[in-house]
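The values are calculated or read from the model by the stated rules, or taken from the named source; none is laboratory data. Predicted model only: the values in this text are computed from it and were never measured. Note that each Cβ is placed from the backbone with ideal geometry, even for glycine, and that neighbours are counted across all protein chains shown. Accessible surface areas use protein heavy atoms only, side chains included; no ligands, DNA or RNA. Shrake-Rupley method; radii C 1.70, N 1.55, O 1.52, S 1.80 Å.
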Amino acid sequence: MSYPKELKYTKEHEWAKVEDGKVRMGITDFAQRELGDIVYVELPEVGREVKQAEAIITVESVKAASDVYAPVSGRVVEVNGELEQHPEYVNQDPYGKGWMALLEMSDPSELDALLDAEAYEKLIGEAEGEG
Amino acid sequence: MALKRTPFFELHRKLGAKLVEFGGWEMPLQYTSILEEHRAVRESVGIFDVSHMGRIEVTGPQALDFLQHLIPNDAAQLDVDQALYSPMCNEQGGTLDDLLVYRLPDRWLLVVNAANTEKDLRWIQQQQAQRFPSVEIRDATRASAQIAVQGPRAEETLQKHVEVNLARLGYYRAVETEYFKEPILISRTGYTGEDGFEVYGPPQAVVQLWKELIKAGVPPVGLGARDSLRFEASYPLYGHELDEETTPVEAGLGWTVKDKPVDYVGKDVLLQQKRGEGVRKRLVGFALREPGVPRQGYKLYRKGEEEEAGYVTSGMKAPTLNAFLGMGYLWGSEAPPPGSAIEVEIHGKRRRAEIVKMPFYRGSVKGRS
């Protein structure tokens, strides 16, 4: 499994990529593997104001629905409409074609609360150890 | 309590299965991907370990009379080496379980849901003790194994490994044969909507057959695809469409409720319901007209109405049909006809849906007994 160094991560298995004042987000490779085949992604409306750790996206796998949380507070400025026709992108390319939303950050200091790749890998190492 | 494991457990692990708890057993949810495994069975063939199903043998000269008392379907109509699908009900007509009943030359075999096996055994023994002292009941679950070979290519695939002529085995017919000198039972049955077989026998023989099939390139299929396949074929799943609060008539299984000349458990209620009296709810199939995945327990409404009209029992984005479909109960004695507009509450928002006919999908399965 891969966890790019340039991304930030949450304990809830979202990734966040800072792109000049904005944050692109999705779910991690670990998360997509745990969920299995993703069949539908319910995206937030563009323009919606969201708070850090608020559930803003629902990912439906064959078996279950899971919430995806905003890694930072801000406003939704773009969503990945491609996922409507191709939810499998989340499984195939979670950090690329499987991105979900782009947020305009309201408080960049919130990024400090996120994990770097190393800390995230340690976290999921522990999660996998439980199985 | 430790989870039970089938004789295939180590093989599942070696195949890289994702394991889950199901009905007290540690079972493979998927090996590669639910969607891939689903497609394999629809388009070609796949094999399932279903050894977690309960296998109960019934013997004795009174066995048929006992089964006639126990289930609403008519076991007397079975030939030797034929099987029957039936619910098993309580006095109120509530469904205790749904099962396959095999009439074999020297015994009857009941195949029940894994999660219900212990409850069923208690119920069956209690019913037996009351009126059928000479009938013997044996739990054969742990002493045997069971696999399913399912898909349009099931016959040609399995035929390469067994001597009996499968082309001559009709739907819901069974044959006893030998595999590596062990007695096995093969029936043309399944739970996928496709043609296929189930094979029962001593663990070592059935494991050997599984290994041969895997070696021949047949993909293993987990419980995830078993559920999505049965869902598209609109087969009920106990704990979803069926439970003790639901009668077979309400579940659309009126065809399994027979007016037999003998009394059986739940007969009065079930026959009344079959005449349309006292039916509290009806199982319906529905298709979403906007995206959303209905799941068990979500609420159903009639279009524009405030009052809850029913509940979802199963739902998913159906892999073969590529549509958001669900099954659920609507309160009342009559189900609205196909095309009727309803609404499903998904994540706090009502979505438009429409009643559609079941089964959602008809595969290569030969028929219904």
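What the phi angles of the stretch B:251-268 give under the Karplus curve with 6.51, -1.76 and 1.60, with θ = phi - 60°, is a coupling list of 7, x, 9, x, 5, 8, 9, 10, 8, 7, x, 9, 6, 9, 5, x, 3, 4 Hz, glycine and proline written as x.
What dipole magnitude, in Debye to the nearest 20, does chain B give about its Cα centre under +1 on Lys/Arg Cβ and -1 on Asp/Glu Cβ? Provide the component values of the computation, followed by the final result.
On the way: 47 positive and 50 negative charges, 167 e Å.
Roughly 800 debye for chain B.
Counting every C-alpha pair in chain B, the share spaced more than 37 angstrom apart comes to 19%. For B:TRP255, the accessible area of its heavy atoms, probed at 1.4 Å with every protein chain present, is near 80 square angstrom. Accessible surface buried at the B:A interface totals approximately 1300 Å², computed with a 1.4 Å probe on protein heavy atoms. Placing one equal scatterer on every Cα of the protein assembly as shown and applying the Debye formula, the log10 ratio I(q)/I(0) at q = 0.11 Å⁻¹ is -0.99. Counting only DSSP beta bridges with both residues in the protein assembly as shown, the antiparallel share comes to about 95 percent. Taking only the C-alpha atoms of chain A, Rg followed by Dmax gives 13.6, 40 Å. Counting Cβ atoms of other protein chains within 10 Å of each Cβ in B:314-321 and taking the mean gives 2.
Tally Lys and Arg at +1 and Asp and Glu at -1 over the other residues with C-beta under 15 Å from the C-beta of A:PRO4: what net charge comes out?
Working: positive: A:LYS5, A:LYS8, A:LYS17, A:ARG24, A:LYS97; negative: A:GLU6, A:GLU14, A:GLU19, A:ASP29, A:ASP93, A:ASP116, A:GLU118, A:GLU121.
So the environment of A:PRO4 carries a net charge of -3.
Here the extension length gained between B:LYS366 and B:GLN92 equals 95.3 nm, from 0.36 nm per residue of separation less the Cα-Cα distance. Net charge of the neighbourhood of B:LYS119, taken over other residues with C-beta under 11 Å away and scored Lys/Arg +1, Asp/Glu -1, is -3.
Burial of accessible area (probe 1.4 Å, heavy atoms of protein chains only) in the stretch A:26-73, relative to its chain alone, reaches at least 40 Å² for A:ASP37, A:VAL39, A:TYR40, A:GLU42, A:GLU60, A:VAL62, A:LYS63. Taking each residue as 0.36 nm, the span from B:LYS211 to B:GLU182 lengthens on full extension beyond its C-alpha to C-alpha distance by 8.9 nm. Straight-line reach from B:LYS317: taking Cα to Cα under 27 Å and skipping same-chain neighbours fewer than 8 places apart, the lysines in range are A:LYS63, A:LYS97, B:LYS18, B:LYS281, B:LYS299, B:LYS303, B:LYS349, B:LYS357, B:LYS366. Applying 1/(1 + (r/R0)^6) with R0 = 22 Å to the Cβ-Cβ distance of B:ALA323 and A:ALA55 gives a FRET efficiency near 0.25. How far is the Cα center of the stretch B:159-175 from the Cα center of the stretch B:236-285, in Å? About 33 Å separates the Cα centre of the stretch B:159-175 from the one of the stretch B:236-285.
Can you give me the orientation-averaged projected area of the convex hull built on the Cα atoms of the stretch B:1-66, in nm²? Don't skip to the answer; put the middle values down first.
Values: hull surface 28.5 nm².
The number I arrive at for the stretch B:1-66 is 7.1 nm².
Once the 1.4 Å probe is applied to the protein heavy atoms, the protein assembly as shown comes out at 43 Å² accessible per residue. Taking amide hydrogens as placed 1.01 Å from N in the peptide plane, the amide H of B:TRP25 sits under 5 Å from those of B:LYS4, each at least 5 positions away in sequence or on another chain. Using a probe radius of 1.4 angstrom, the carbon and sulfur fraction of the accessible surface of the stretch B:83-200 is 46%.
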